[in-house]
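Data block below; observations after.
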Amino acid sequence: MSTSINNFEEIMVVRNLMTIILAVSALFWMGLYLVPEASAAEQRSALIADGAGKALRLWYNEPAPDSDAGWVNGSIPMGNGYMGVNVFGGTASERIQITENSLYDSVAGKGLRRTGLNNFAEVYLDFGHNKTSNYERDLNLNEGVSHVKYTQDNVEYSREYFTSYPDKVMAIRLSASNAGTLSFTLRPTIPFLGNAKSGSVVAKGDTITLSGVMSHYNVKFEGQFKVILEGGTMKAVNRKSRGTLAVTDADSAVILIAVGTNYQFDPKVFLTTEDAEKLDGFPDPHAKVTGYLNDAAAKTYDQLLANHRADYTELYDRVSLNLGASEPAIPTNEIVDAYPAGDSSRYLEELAFQFGRYMLICSSRAGTLPPHLQGIWNVYEKPPWSSQYLHDTNVQMAYAPAFSANMPELFESYVGFFNTFVPRQRLYATEYIKQYNPAQLDPSGDNGWSGPFWTNPYNVTGKSPVAGFGTGSWIAQMFWDYYDYTRDESLLKETVYPVMHEQANFVSRFVKDVDGVLLADPSSSPEQKLRNTVGTTFDQQMFYENHHNTLTAAKILGRSDKRLDIYETQLPLLDPIQIGKSGQIKEFRQEEYYCDAHKVLDPHHRHASMMLGLYPGQLINRKTPAWLDAARTTLSLRTRSSNIGWARAERIAMLARVYDGEEAYAYYSDLLEGNYMHNLFNDHRGDPIFQADANYGATAGVAEMLLQSQDHVVSPLPALPDAWSEGSCRGLLARGNFEVSVQWSREHASQMEVLSKSGGTLELRYPNVAQAVIKTSEGQTVDFVAKGSDQVSIETTQGKTYVVTDIPACIPVAAPSNLKFTTDGGSDQIELSWTGSADAASYNLYRAVGNTPDYELIASNFAGTRFVYKAADLKQIDQMTLKVTAVRANGRESDQGATVIRLLPTK
Ligand code: FUC
């Protein structure tokens, strides 16, 4: 596409208008600058008003009901990687449910709910407070701390809870406003005792030890609960293997909780075939858990809290989003119920964005198991889909916000898990190459690793007809993103490159030559019912992306080898995108019109796997405008009808990537309205079934609305909806390790800041950015090269912040619509007509033949809303996309156009 050039006069008019807007908005934002205390968040970016100081809180004025329904809808989730915790906040009896991600039973049963991950402990604090008033409980996202407070018998009781990653414990502080009025019984229990699980709870001194064995994998588990009192007395009572600690008349108390199992990140777990022997030789968790508890108990509560805060806020405070909401006067359940009506919709949108980040911080920490379908929270004996790891969307969605929402090191949790199961995948890879393409087999076993589908901490299934081997390349893409966002070369060398290269190795041996292209066989598009076919777009796109990224990484590291040569030869033959007769990106090669490949296919399917090159991939972007238009068409054909949480979350991002802020926002609204429960857990599809992926995915989707960089061009505010006309965001991460903050007013960026964390060239795209003022944060003028009016290129210095102000407003040019053929008899001449754009002084016509990614310009700057297109090859070309764009008098062209597919009429 041609780049539009601006008329200078228009810019000046707009500049004057902008001066007024900027002055008004400066006054508006100054109000926010005057927030009295400068928090750590404000110090990060002194220039962007980000609403720091505003508490982002979930709060309620009653406890969550003591039931499964209360757990899923009302309890407050916490976690530190070592344990997930759901706090109910009861007053007669507090219930704290604990999950440990390695406590597994056999994966058995049919249907949606199967045994698998088990509930670790149900812990009760019996207070007998039945006549309470002024009740409130909350979860403060700014600090990762939860509270309960109420009054009973004129005493104000309060409790504070946090789960600490650095100290590996949960800590609870219980206080009372009057000395000597705190009495309770601590009563940890083991849920679901029976054949599969045995154990006991023993109280001794100030500590209760809960321990036992989950028999299928011989998982030994232990939890310790220590009570530290100020004033009062405590008494250990043991009745029938049910130990309790009764506290009487204390001033205050602290409870510390540590848990663990004998599970380890060791490939032996996956390589041992006998389930009961997988953990053989690993030490009993007693010493480990005792160590966690003793180490924590050697510190004061305040020290533990300070450690937790420092660890948590270091991650959490990197990013803020301010949509102008103020702290609501009504509890979170009412906000959720009222959404999208009510005064607090913006607040819920901010809250849900940060809640996804919070959940990832809770559930994905280095050295601990990564988040599964339910993150790190499970109350059931038969959790949905066994709480496993699914690699056909769910795991990848969990990690989507890790990079864009600036918490890349949280991916270390997955790295540890991946390294544990990948040796098993290598064996599968050899098996599959032997089975599907024996001529390509490396007899010494150097066949790479193949993509898994279902995984749990103990076993990984090989292939599945439900999804093709593209799952593996999709995993490798997360590794690539880990590097591409952080630009840490030693990470690339040690951690990322080997994973990508080995995945490409498997793929390079697996694909087969079919009529000159290299296709996956067998191949399935996730969850669609047409299975074991050839060359689905899912597999082809994922393979293409990984081959491409591996070659890029090899160049960065200066590597060369024989297999890299093979990947290079194969890359152009992987045929990742095919455009169908509806103008759609085909999901299946046998598809002609949208979704007509087979009657078993669901045209409204929740998965949109043929679009993964658009998001989270990088294949379809502004530099492939014909593919981008096909992606837009496909998204509208897929419709908004799926009510599945994660699918809605994924579409937020996909629509953002085709620059449709309104539709992206519509999906975010659908998700918040239709899937978010009172505690903000995502209800997968209304059963209610909690699934964490949409929580993580919503955050990633919103991040894509605010910042994109898939083509390595840093693009702030690419898909801002009208509902967010005023706002700011701080600290989102772009590829290239650029940290980006933006403040906007009337949907126009008034200030952008880019912190260059690794140096290098910054390509920055924003309408009219080439006419803006660009300085360093120290006020030095910055040299840049303008690439048209909307992009600048800056050679950055590591550690410097680049501040962009005075960006002239750009009034977008409305696109034409309704492009159609007035006459087309299959000759070398066709006549086109369209509905004109009020902004157009003239039009441009383009065409893209077949599957080509780019358009060629056919005619430019012609007037009227009809065009007779004559070309000798029109008689020969089976399929092409035609596109008309509007051009304003100043030369600026509409970002989008009207498209139509031209099929050669069959004679
Ligand atoms: C995939 C998805 C479903 C669900 C399940 C756990 O099968 O298609 O929607 O998320 O995983």
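The values are calculated or read from the model by the stated rules, or taken from the named source; none is laboratory data. Since the model is a prediction, treat every value here as computed from it, not as a measurement. Heads up, the Cβs are rebuilt from the backbone with ideal geometry, glycines too, and the neighbour counts pull from every protein chain shown. Heads up: the accessible areas ignore ligands, DNA and RNA and are worked out on the full protein's heavy atoms, side chains in. Shrake-Rupley method; radii C 1.70, N 1.55, O 1.52, S 1.80 Å.
Filter segment 810-823 down to the residues that are crowded, with 18+ Cβ neighbours inside 10 Å and touching a strand residue (DSSP E or B) at 6+ places or on another chain (Cβ under 7 Å) and list them by number.
Once the filter is applied, which keeps residues that are crowded, with 18+ Cβ neighbours inside 10 Å and touching a strand residue (DSSP E or B) at 6+ places or on another chain (Cβ under 7 Å), segment 810-823 yields V813, A815, P816, L819.
When you scan segment 691-699, do you find a residue that is touching a residue at least 60 places away in the same chain (Cβ under 8 Å), assigned to a loop (DSSP other than H, G, I, E, B) and either closer than 17 Å to P767 by Cα or under 18 Å from the mean Cα position of the chain (by Cα) (or both), even just one?
The answer is yes, given that some residue of segment 691-699 is touching a residue at least 60 places away in the same chain (Cβ under 8 Å), assigned to a loop (DSSP other than H, G, I, E, B) and either closer than 17 Å to P767 by Cα or under 18 Å from the mean Cα position of the chain (by Cα) (or both).
Identify, by number, the condition in (1) more than 30 Å from Y263 (Cα to Cα); (2) within 16 Å of the ligand (Cβ to nearest atom) that K382 doesn't meet.
Condition (1) is where K382 drops out.
Out of all the residues in segment 143-154, which are farther than 10 Å from S175 by Cα and either out of contact with any Leu (no Cβ under 9 Å at 6 or more places or on another chain) or touching a residue at least 24 places away in the same chain (Cβ under 8 Å) (or both)?
Answer for segment 143-154, where residues must be farther than 10 Å from S175 by Cα and either out of contact with any Leu (no Cβ under 9 Å at 6 or more places or on another chain) or touching a residue at least 24 places away in the same chain (Cβ under 8 Å) (or both): E143, G144, V145, S146, V148, Y150, T151, Q152, D153, N154.
For the condition open to solvent by 10 Å² or more (accessible area, probe 1.4 Å) and either in a strand (DSSP E or B) or modelled with pLDDT under 95 (or both), what is the one hit in T244, T273? Break it down into steps so the answer makes sense when it comes.
Numbers: T273 fails: either in a strand (DSSP E or B) or modelled with pLDDT under 95 (or both).
Testing whether each residue is open to solvent by 10 Å² or more (accessible area, probe 1.4 Å) and either in a strand (DSSP E or B) or modelled with pLDDT under 95 (or both) leaves just T244.
Checking the structure you have, find out if any residue of segment 201-209 is open to solvent by 50 Å² or more (accessible area, probe 1.4 Å) and in a strand (DSSP E or B).
yes
I need the full set of residues from segment 447-464 which are under 24 Å from the mean Cα position of the chain (by Cα) and not hydroxyl-bearing (S, T, Y), in order please.
G451, P452, F453, W454, N456, P457, V460
Among the residues in segment 287-309, are any under 25 Å from A700 (Cβ atoms), at pLDDT 95 or above and among the hydroxyl-bearing types (S, T, Y)?
Filtering segment 287-309 down to residues under 25 Å from A700 (Cβ atoms) leaves none.
No, every residue in segment 287-309 fails to be under 25 Å from A700 (Cβ atoms), at pLDDT 95 or above and among the hydroxyl-bearing types (S, T, Y).
Which pairs do you get when a residue that is basic (K, R) and at pLDDT 95 or above, found in segment 368-397, comes within reach of a residue that is more than 8 Å from the ligand (Cβ to nearest atom) and open to solvent by less than 10 Å² (accessible area, probe 1.4 Å), reach meaning Cβ atoms under 8 angstrom, with the pair 6+ apart or on two chains?
K382/G116
So is L427 farther than 23 Å from G367 by Cα, open to solvent by 30 Å² or more (accessible area, probe 1.4 Å), in contact with a helix residue (DSSP H, G or I) (Cβ under 6 Å, 6 or more places away or on another chain) and away from the ligand (no atom under 16 Å from the Cβ) or not?
So L427 does not fit the description; no.
Mind checking which residues of segment 714-745 are assigned to a loop (DSSP other than H, G, I, E, B), touching an Asp or Glu at 6+ places or on another chain (Cβ under 7 Å) and surrounded by fewer than 21 Cβ atoms within 10 Å (Cβ to Cβ)?
The answer is P721, S725.
Search segment 527-547 for residues being in a helix (DSSP H, G or I), over 15 Å from V499 (Cβ atoms) and not hydrophobic (A, V, I, L, M, F, W, C), and hand back the single one that is farthest from the ligand (Cβ to nearest atom).
Across segment 527-547, the extreme among qualifying residues is Y544.
Give me a count of the residues in segment 71-94 that are in a strand (DSSP E or B) and either touching a residue at least 60 places away in the same chain (Cβ under 8 Å) or crowded, with 22+ Cβ neighbours inside 10 Å (or both).
The total comes to 9.
For segment 740-755, does any single residue satisfy the condition of being acidic (D, E) and either touching a Pro at 6+ places or on another chain (Cβ under 7 Å) or within 22 Å of M705 (Cβ to Cβ) (or both)?
yes
Condition (residue is surrounded by fewer than 24 Cβ atoms within 10 Å (Cβ to Cβ), at negative phi, in contact with a Ser or Thr (Cβ under 8 Å, 6 or more places away or on another chain) and without any contact (Cβ under 8 Å) to a residue 24 or more places away in the chain) applied to segment 96-119: is it met by at least one residue?
For segment 96-119, residues surrounded by fewer than 24 Cβ atoms within 10 Å (Cβ to Cβ), at negative phi, in contact with a Ser or Thr (Cβ under 8 Å, 6 or more places away or on another chain) and without any contact (Cβ under 8 Å) to a residue 24 or more places away in the chain: present.
Can you find even one residue in segment 408-425 that is among the aliphatic types (A, V, I, L, M) and assigned to a strand (DSSP E or B)?
Checked segment 408-425: no residue is among the aliphatic types (A, V, I, L, M) and assigned to a strand (DSSP E or B).
So, in segment 778-826, exactly how many residues are farther than 30 Å from G759 by Cα, of a type in the set (G, A, S) and in contact with a Lys or Arg (Cβ under 9 Å, 6 or more places away or on another chain)?
Final tally of qualifying residues: 1.
Which one is nearest to the ligand (Cβ to nearest atom) among residues in segment 401-424 that are among the hydroxyl-bearing types (S, T, Y) and within 18 Å of the chain's Cα centre (by Cα)?
Residue satisfying both the conditions and the ranking: Y414.
Only one of R847, R902, R892 is within 39 Å of the chain's Cα centre (by Cα) and without any contact (Cβ under 8 Å) to a residue 60 or more places away in the chain; which?
Result: R847 is the single residue among R847, R902, R892 that is within 39 Å of the chain's Cα centre (by Cα) and without any contact (Cβ under 8 Å) to a residue 60 or more places away in the chain.
So, in segment 289-304, exactly how many residues are open to solvent by 70 Å² or more (accessible area, probe 1.4 Å) and either within 34 Å of the chain's Cα centre (by Cα) or closer than 16 Å to N80 by Cβ (or both)?
The total comes to 4.
Checking the structure you have, find out if any residue of segment 353-366 is away from the ligand (no atom under 16 Å from the Cβ), surrounded by fewer than 23 Cβ atoms within 10 Å (Cβ to Cβ) and over 29 Å from A656 (Cα atoms).
So far as segment 353-366 goes, yes, one or more of its residues are away from the ligand (no atom under 16 Å from the Cβ), surrounded by fewer than 23 Cβ atoms within 10 Å (Cβ to Cβ) and over 29 Å from A656 (Cα atoms).
Name the residue that is surrounded by the most Cβ atoms within 10 Å (Cβ to Cβ), counting only residues in segment 385-400 that are near the ligand (Cβ under 6 Å from one of its atoms) and in a helix (DSSP H, G or I).
W385
From K586, K623, grab the single residue that is more than 20 Å from the chain's Cα centre (by Cα), buried (at least 24 other Cβ atoms within 10 Å of the Cβ), away from the ligand (no atom under 16 Å from the Cβ) and of a type outside the set (S, T, Y).
Of the residues listed, the single one that is more than 20 Å from the chain's Cα centre (by Cα), buried (at least 24 other Cβ atoms within 10 Å of the Cβ), away from the ligand (no atom under 16 Å from the Cβ) and of a type outside the set (S, T, Y) is K586.
Applying the selection to segment 678-693, what residues are surrounded by fewer than 23 Cβ atoms within 10 Å (Cβ to Cβ) and either β-branched (V, I, T) or within 10 Å of the ligand (Cβ to nearest atom) (or both)?
Passing the criteria: R685, I689.
Quick check on this structure: which one of S508, S524, S560, S490 is within 16 Å of the ligand (Cβ to nearest atom), small (G, A, S) and either modelled with pLDDT of 95 or more or under 25 Å from S709 (Cα atoms) (or both)?
Within the list S508, S524, S560, S490, the selection yields S524.
Kindly evaluate Y458 against the criterion of being in a loop (DSSP other than H, G, I, E, B), within 27 Å of A108 (Cα to Cα) and open to solvent by less than 10 Å² (accessible area, probe 1.4 Å).
Yes; evaluated as a whole, the condition is true for this residue.
Of the residues S320, S345, which single one is more than 16 Å from the ligand (Cβ to nearest atom) and either surrounded by fewer than 24 Cβ atoms within 10 Å (Cβ to Cβ) or modelled with pLDDT under 95 (or both)?
Checking each option against the conditions leaves just S345.
Of all residues in segment 712-755, which are out of contact with any Ser or Thr (no Cβ under 9 Å at 6 or more places or on another chain) and among the charged types (D, E, K, R)?
D722
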